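Notes follow once the structure below has been shown.
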Amino acid sequence: MDPLRPKATRRHVVRGFAAAAASFVFPCPAFAQSAARVVVIGGGFGGASCARALRKIDPRLHVTLVEPNRIFTACPFSNEVIAGLRDIGAQQFTYDKIAAEGVTVIAQAATKVDPQARTVGLADGTSLRYDRLVLAPGIDMRFDALPGYDEAATEKMPHAWKAGSQTMLLRRQLEAMEDGGVVAIAVPATPYRCPPAPYERASLIAHYLKTKKPRSKVLILDAKDTIPQQLLFEHAWKVFYPSILERIPLSQGGRVVSVEPATNTLISEFGNYDVQVANVIPPQKAGNIAKLAGAADHTGWCSIDPMTFASTLVPNIHVIGDAVIGGSVPKSASAAHAEGNACATVVASLIAGRVPEGPTLEGICYNTVAPGYAFFMAASYHARDDLFAEIVGSGFTSPINGDGSDEVRKREADQAQTWFKTITGETFG
Amino acid sequence: MTAALINVPKKARNGDIIEIKTLTSHVMETGYRHTPRGEVIPRDIITSFTCRFEGDEIFHADFFPATAANPFLSFFTTATKSGKFDFEWIGDNGFSQTASASITVE
């Protein structure tokens, strides 16, 4: 017998009681089912999916999506934009379809959350009332964590870790670099958005250099020793970029401890690297509004109850996507999308006075290292104790190599394209 | 295995407090772990580190199984004269590694 089962059952009972009790104590008459108001802050893969799913589950809900950008620029595949393989337009989506489905889309930044009054303050001074609030704020950079790397430094040493103008800046810097230059990518320790993405980026930049500037190099300065899909990446690097791409891990002194934007210098414990293009990926935290709402803890991230996505710190607030910490779910578009859908089900259940079922999330992550050559990993996750845990036996990673592996890599590159069309279609289209 | 990494300032003024940093690649296997078949994985750690300046010991550290892999050390000393620092790591299974670096004191 699964030793976890009795415990999970008790949790269900306790939670069910708590949810039932909560539904009696709300004094607000607007909490009646037909008029319940849900505000979603953040229009990325998590928030947009959640807002849309809420309306589909219960068309009577008043759902408002608060997102300052009128056009969303997706991070997955943005490494191909940096390498000149893809147009930024292919990454961009509007909220028109979501609005057409009855979600009120407000193009304002959320600047304040009052969990007692249950209101969200907007940049234009107006405010929104909510019965339940979903925070999907994504990430912000920690400009206090890497000496020398402040907001101004991002114009000289782009992070390109939020897609858009930073993506294009890094691409222009690569295009402007003379052949023979060094491109450095500084990678932080975990947790950060999309753990394998720095290595996909290094691969695709190496592809650009190999085809356009063959005397140049890409150097990964890494604050970690082990990386996701390490064997697959290292095998591919040996095949495609043996003299172009070099990675210095933590144990070889690779951790960048400060930067000097004026001279494009990256400083490690054991040496300085003066480079032509510096892509500095700094340590990160949950998007700022999470902290303003009181939902981010001392780590800068948001801890949640994995059964309901409810913040462990603030009532009536649910948190999804990259802002969440606590468990093995990766910070990825795919996981955020799954969390958005699952959270919508939970929120709709709570509003209807039902006990929500524990969600199961599926995550998948493709890495392209050269055109027509990709691999992926996938897993499912469920609530176990206070965390999301990978469901035993659900994990899958591409086979390393062997007979016909080039065809497998080609097929997985095609699947990556299909995955992107599907997830952006489900979220925005 | 790659040689140890050391970072000693190339130059300093007399009386300056300088930071010295070292990093050695080593698995630091505790001796407390078992294989899936229940066999003990034998201990394999660095047991001591010594830094000498012009032959005189100025810093020493003993390591134990709780020390993480790839030990990183940072320590301080006062620069008094130009000379050579010698670094030595000794460990289980005959592990021995040395490195050196010079400083010019003005």
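Within region B:58-106, can you find the residues that are β-branched (Val, Ile, Thr) and more than 19 Å from A:GLU269 (Cβ to Cβ)? Outline the logic, then answer.
Step one: of region B:58-106, the residues β-branched (Val, Ile, Thr) are B:58, B:67, B:77-78, B:80, B:90, B:98, B:103-105.
Correct list: B:ILE58, B:THR78, B:THR80, B:ILE90, B:THR98, B:THR104, B:VAL105.
Say whether the condition of being part of a strand (DSSP E or B), modelled with pLDDT of 95 or more and farther than 20 Å from A:ASN316 by Cβ is met by at least one residue in region A:97-120.
Looking for residues that are part of a strand (DSSP E or B), modelled with pLDDT of 95 or more and farther than 20 Å from A:ASN316 by Cβ, one finds at least one in region A:97-120, hence yes.
Only residues that are over 26 Å from A:ASN367 (Cβ atoms), among the acidic types (Asp, Glu) and part of a loop (DSSP other than H, G, I, E, B): list them for region A:66-96, please.
A:GLU67
From the list B:ALA66, B:ALA4, exactly one residue is within 14 Å of another protein chain (Cβ to nearest Cβ) and either touching a residue at least 12 places away in the same chain (Cβ under 8 Å) or among the polar types (S, T, N, Q) (or both). Which is it?
On inspection, the qualifying residue turns out to be B:ALA4.
For region A:270-286, does any single residue satisfy the condition of being in a loop (DSSP other than H, G, I, E, B), within 14 Å of chain B (Cβ to nearest Cβ) and either surrounded by fewer than 23 Cβ atoms within 10 Å (Cβ to Cβ) or in contact (Cβ under 8 Å) with a residue 12 or more places away in the chain (or both)?
For region A:270-286, residues in a loop (DSSP other than H, G, I, E, B), within 14 Å of chain B (Cβ to nearest Cβ) and either surrounded by fewer than 23 Cβ atoms within 10 Å (Cβ to Cβ) or in contact (Cβ under 8 Å) with a residue 12 or more places away in the chain (or both): present.
Quick check on A:GLU362: is it of a type in the set (D, E, K, R), modelled with pLDDT of 95 or more and either outside the structural domain of A:VAL38 (by TED's automatic domain parsing) or not in a strand (DSSP E or B) (or both)?
Values: of a type in the set (D, E, K, R): yes; modelled with pLDDT of 95 or more: no; either outside the structural domain of A:VAL38 (by TED's automatic domain parsing) or not in a strand (DSSP E or B) (or both): yes.
Here the answer is no, as A:GLU362 does not meet what is asked.
Test A:VAL183 against the stated conditions and say whether it is assigned to a strand (DSSP E or B), under 30 Å from A:ALA352 (Cα atoms) and not small (Gly, Ala, Ser).
Criteria not met by A:VAL183.
Under the condition of being part of a loop (DSSP other than H, G, I, E, B) and among the hydroxyl-bearing types (Ser, Thr, Tyr), which residue from region A:292-317 is nearest to A:THR190 (Cα to Cα)?
That would be A:THR299.
So which residues in region B:15-57 are of a type in the set (D, E, K, R) and either more than 14 Å from chain A (Cβ to nearest Cβ) or in a loop (DSSP other than H, G, I, E, B) (or both)?
B:ASP16, B:GLU29, B:ARG33, B:ARG37, B:GLU39, B:ARG43, B:ASP44, B:ARG52, B:GLU54, B:ASP56, B:GLU57
Which condition does A:ASP305 not pass, out of (1) closer than 30 Å to A:ILE320 by Cα; (2) away from every other protein chain (no Cβ under 14 Å); (3) surrounded by 24 or more Cβ atoms within 10 Å (Cβ to Cβ), if it passes all the others?
Result: A:ASP305 passes all but (3).
Sort through A:ILE320, A:ILE325 and tell me the only one that's out of contact with any His (no Cβ under 9 Å at 6 or more places or on another chain) and at pLDDT below 95.
Exactly one residue qualifies, and that residue is A:ILE325.
One line per residue, one yes/no per condition, for (1) of a type in the set (Gly, Ala, Ser); (2) in a helix (DSSP H, G or I); (3) without any contact (Cβ under 8 Å) to a residue 40 or more places away in the chain:
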| position | (1), (2), (3) |
| --- | --- |
| A:PRO158 | no, no, no |
| A:GLN166 | no, yes, yes |
| A:PRO228 | no, no, no |
| A:SER251 | yes, yes, yes |
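Of all residues being in contact (Cβ under 8 Å) with a residue 40 or more places away in the chain and part of a strand (DSSP E or B) in region B:89-99, which is surrounded by the most Cβ atoms within 10 Å (Cβ to Cβ)? Just the residue, please.
Of everything passing the filter in region B:89-99, B:TRP89 is surrounded by the most Cβ atoms within 10 Å (Cβ to Cβ).
I'd like the residue in region B:92-106 that is over 12 Å from B:THR24 (Cα atoms), of a type outside the set (A, V, I, L, M) and at pLDDT 95 or above and, out of all such residues, is nearest to the chain's Cα centre (by Cα).
Here the residue is B:SER100.
I'd like to know if region B:4-14 contains one or more residues that are over 15 Å from the mean Cα position of the chain (by Cα) and surrounded by 15 or more Cβ atoms within 10 Å (Cβ to Cβ). Write out each step before concluding.
Going through region B:4-14, the residues over 15 Å from the mean Cα position of the chain (by Cα) turn out to be B:9-14.
Narrowing further to those that are surrounded by 15 or more Cβ atoms within 10 Å (Cβ to Cβ): B:12.
Yes, some residue in region B:4-14 is over 15 Å from the mean Cα position of the chain (by Cα) and surrounded by 15 or more Cβ atoms within 10 Å (Cβ to Cβ).
Determine if region A:359-372 includes at least one residue that is within 26 Å of A:ARG37 (Cα to Cα) and surrounded by fewer than 17 Cβ atoms within 10 Å (Cβ to Cβ).
yes
Scan B:PHE76, B:PHE59, B:PHE85 and give me the residue that is among the aromatic types (Phe, Trp, Tyr), free of Cβ contacts under 8 Å to residues at least 40 places away in the same chain and out of contact with any His (no Cβ under 8 Å at 6 or more places or on another chain).
Only one candidate qualifies: B:PHE59.
Looking only at residues that are within 14 Å of chain A (Cβ to nearest Cβ) and not in a loop (DSSP other than H, G, I, E, B) in region B:69-88, which one is farthest from B:MET28 (Cα to Cα)?
By that ranking, first place goes to B:PHE75.
Looking at A:ASP131, A:ASP124, which one is more than 22 Å from the chain's Cα centre (by Cα) and crowded, with 21+ Cβ neighbours inside 10 Å?
A:ASP131
If I ask for residues that are within 23 Å of A:PHE72 (Cα to Cα) and either in a loop (DSSP other than H, G, I, E, B) or touching a Pro at 6+ places or on another chain (Cβ under 6 Å) (or both), which ones from region A:127-138 would you list?
A:ALA136, A:PRO137, A:GLY138
When residues of region A:226-247 are filtered for being surrounded by 20 or more Cβ atoms within 10 Å (Cβ to Cβ) and within 14 Å of chain B (Cβ to nearest Cβ), how many remain?
1
For (1) at pLDDT 95 or above; (2) closer than 15 Å to A:ARG201 by Cβ; (3) of a type in the set (Gly, Ala, Ser), each residue gets a yes or a no:
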residue	(1), (2), (3)
A:VAL218	yes, yes, no
A:LEU221	yes, yes, no
A:PRO242	yes, no, no
A:GLU246	yes, yes, no
A:GLN252	no, no, no
A:GLU260	yes, no, no
A:THR265	yes, no, no
A:GLY271	no, no, yes
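Do the conditions hold for A:ARG37, that is, is it more than 21 Å from A:PHE428 (Cα to Cα) and at pLDDT below 95?
Details: more than 21 Å from A:PHE428 (Cα to Cα): yes; at pLDDT below 95: no.
No, not satisfied.
For the structure I just gave you, tell me whether A:GLY402 is in contact with a Leu (Cβ under 7 Å, 6 or more places away or on another chain) and modelled with pLDDT under 90.
no
The values are calculated or read from the model by the stated rules, or taken from the named source; none is laboratory data. Computed from a predicted model, the values in this text were never measured in an experiment. No Cβ is skipped: glycine too gets one built from the backbone with ideal geometry, and neighbour counts run over all protein chains shown.
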